[in-house]
1. Sticking with the crude label model, points 7 Å out along Cα→Cβ, report the distance from I11 to V24 in nm, one decimal please.
2. May I ask you to give the percent of accessible area on the range 6-53 that is carbon plus sulfur, with a probe radius of 1.4 Å?
Amino acid sequence: MTSTVHDIGSIDDFESGVPKAIEVEKKPLVVVRKGHEFYAMRDVCPHAGARFSEGRVSGLVEGTHPDEPVGYCR
């Protein structure tokens with residue numbers, strides 16, 4: 001698997017704990033900053049099809065590799 005770098009904005013563009021919708025290669029993503037850590041995933045709920053970026057942040061996301069399915073808990 002190859003990876004590509006995309007400039008999605010300045011660190012200051014992301015408020016801690018606030019989901020932000022972005023688009024990379026025409027794919028909707030949501031980025032959430034938690035302190036100095038950043039998390040990104042598809043901006044589509046697998047259960048209801050709603051956009052994560054329009055909701056609130058809670059719980060944990062599990063997954064360690066880009067090729068692995070993402071798991072949600074708590």
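1. Rounded to a tenth, the inter-label distance reads 1.8 nm.
2. Numbers: 1880 of 3560 Å².
The value for the range 6-53 is 53 percent carbon and sulfur by accessible area.
The values are calculated or read from the model by the stated rules, or taken from the named source; none is laboratory data. As the structure is a computational prediction, the values presented were derived from the model and not from experiment. Here the Cβ is made from the backbone with ideal geometry for all residues, glycine too, and neighbour counts use every protein chain on show. All accessible areas refer to the heavy atoms of the entire protein, side chains included, with ligands and DNA or RNA removed. Shrake-Rupley method; radii C 1.70, N 1.55, O 1.52, S 1.80 Å.
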